[in-house]
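Chemist: Quick one: the structure is below, and I'll ask about it shortly.
What follows is calculated from the coordinates using simple rules that are stated; it is not laboratory data. Since we're looking at a predicted model, the values are computed, not measured. We place every Cβ from the backbone using ideal geometry, glycine too, and count neighbours over all the protein chains shown.
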Amino acid sequence: MGGRRRERAHDPIRRTRQVKTAKHEKVDLAKPAENGLKRGFTTGTCATAAVKAALLKMLRKESPSEVDVVLPGGQFLTVPVEQITEQENGAVRVVIIKDAGDDPDQTHRARIFARVTKNRIGRIVFQAGEGVGTATQPGLQVAVGEPAINPVPRRMMIDAVREIVGESEPDVGFDLEIGCENGEQIAKRTFNPRLGIQGGISILGTSGIVEPKSKAAFKASIEVYIRVALGDRPKEIVLAPGNLGQQFARSFLDLPTKSVVQMSNFIGFALECVERVLFENGYFLPKLWLVGHPGKLAKVLGNVWDTHSSRSGSAVEAVLNVADEFGIKGKIRDAMGSARSVEELIELLYRESFSHAFWSLVERKIGMKVASQLKRVDEIAVRLFQMNGKELGGT
């Protein structure tokens, strides 16, 4: 849906009080949920963080690398800021990367943005930017014709504006345009089309925090997705820890969404499901793609099949073993030995002429390891990518 969609103006900014995060308890997302899985934050928290960072840039000339967001329950969360851009007419655009933790959330790693501009009506006006949907049917939490920004995220953003503006500019309001890069495509994998929300995702969240599903529920959903993916005896399917698999399947393989299974950290379980479903159906799969970041996938080289960071170590050692087999020596090998993460290894090798060949070997090694777990799959193809989506190998 083209154009900018608007919604009626909200609370005036004047007669407000300053919100102090110092009064609130900080949420530590490094502490796992009761089920042992990693928690994350909602699209509403992302949008609020983006609005706050934009106002800090606009009004105070600050460029924060992170901002504190006050949550509906009275706690606060520190959210990293991905990008801040000053635009024409004094507008500021800020991008926040959504982190859903270990929850199988379709918006995990989505780029949520806020574009903030001043208005002279002294009120806050919400607008749906590119990739955020508009309600077209009654019965939702927002009225027909309004941006799909739910009430709690709206209140969080209003409070964020009050926190930064206070009484400093009582006659100035703000237009808050909230969007999601590639949001219209992401929304097709959600319930939004069925709910009558057109043009993109919804900005959601009642607590500001994403509580991950239990391991049992998560695994059950993975098995369902695998059964659907294999249901019509396809020639190929994709398994991926996260959204890189969706992007690869869409951009390079032209596969339908149902052919891509997000398995999160449960690589071993997903492979077991594939083998079991193929056996039950009396079918051999011609090709299985395994797509993702080597920080996850290379862990299988060390016989680690549950790749959650709380249950497994880093994949650095496994990658270094391949480096020795490849024959990397000298200063570059010494530097690799000091790396604390696989992403750091990627950066060290980025400009080396052999980088592509090296990561192709890592891919082949992973493929051979996975093949040992699958007797009813004819071919295993592995593709490794950086966090930014840049392909590393490509055998």
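Chemist: To the nearest 20 debye, what charge dipole does the stretch 5-210 have about its Cα centre, counting +1 at the Cβ of each Lys and Arg and -1 at the Cβ of each Asp and Glu?
Modeler: That gives the stretch 5-210 a dipole magnitude of about 360 debye.
Chemist: Quick one: dipole size for the chain, taken about the Cα centre, charges +1 on Lys/Arg Cβ and -1 on Asp/Glu Cβ, in debye to the nearest 20.
Modeler: With Lys and Arg at +1 and Asp and Glu at -1, about 500 debye.
Chemist: Read through the labelled values (i) 157; (ii) 118; (iii) 133 and report the label of the one computed as volume of the Cα convex hull per residue in Å³ from the structure.
Modeler: Checking each listed value against the structure points to (i).
Chemist: Further question on the same structure: Counting only DSSP beta bridges with both residues in the chain, what percent are antiparallel, rounded to the nearest 5?
Modeler: Of those bridges, close to 60 percent are antiparallel.
Chemist: Once label points are set 7 Å from the Cα along Cα→Cβ at both residue 60 and residue 119, what is their separation, rounded to one decimal in nm?
Modeler: Distance between the two pseudo-spin positions: 2.5 nm.
Chemist: Place a point 7 Å from Cα of residue 31 in the direction of its Cβ. Which residues in the stretch 61-77 have their backbone N less than 16 Å from it?
Modeler: Zone members listed by number: 71, 73-77.
Chemist: What's the angle, to the nearest 10 degrees (0 to 90), between helix 215-230's Cα axis and the longest principal axis of the chain?
Modeler: 70 degrees
Chemist: Roughly speaking, what is the stretch gain from residue 136 to residue 182, that is 0.36 nm per residue apart minus the C-alpha to C-alpha distance, in nm to one decimal?
Modeler: Difference between extended and current length: 14.5 nm.
Chemist: Right, another one. So if each residue of separation counts as 0.36 nm, and I subtract the Cα-Cα distance between residue 368 and residue 387, what length gain in nm does that give?
Modeler: Length gained, residue 368 through residue 387: 4.5 nm.
Chemist: Now for a different question. List the trypsin sites (Lys or Arg not before Pro) in the stretch 225-272 that DSSP assigns to loop (not H, G, I, E or B) and whose Cβ has at most 11 other Cβ atoms within 10 Å. Which are they?
Modeler: For trypsin sites (Lys or Arg not before Pro) across the stretch 225-272 that sit outside H, G, I, E and B with at most 11 neighbouring Cβ atoms in 10 Å, the list reads 235.
Chemist: Now, a different point. Do any chymotrypsin sites (Phe, Trp or Tyr not before Pro) in the stretch 108-192 lie in a DSSP loop with no more than 14 other beta carbon atoms within 10 Å, and if so, which?
Modeler: Those that pass, being in a loop and sparsely packed, are 191.
Chemist: A further question on this structure: Using Cα centres only, tell me the gap between the stretch 181-234 and the stretch 52-117 in whole Å.
Modeler: Here the answer is 23 Å between Cα centres.
Chemist: For residue 213, give me every one of the lysines with a C-alpha distance below 26 angstrom, ignoring sequence neighbours fewer than eight places off in its own chain.
Modeler: Result set, ordered by chain and number: 26, 31, 38, 98, 188, 258, 296, 299.
Chemist: Give the angle, between 0 and 90 degrees and rounded to the nearest 10, that separates the Cα long axis of helix 267-281 from the longest principal axis of the Cα atoms of the chain.
Modeler: 70 degrees
Chemist: How far, in degrees from 0 to 90, does helix 355-371 lean away from the longest principal axis of the Cα atoms of the chain, to the nearest 10?
Modeler: Taking Cα atoms only, the helix is inclined about 70 degrees.
Chemist: Residues in the stretch 108-150 near a label at residue 85, defined as backbone nitrogen under 16 Å from the 7 Å Cα→Cβ point?
Modeler: 111-117, 129-132
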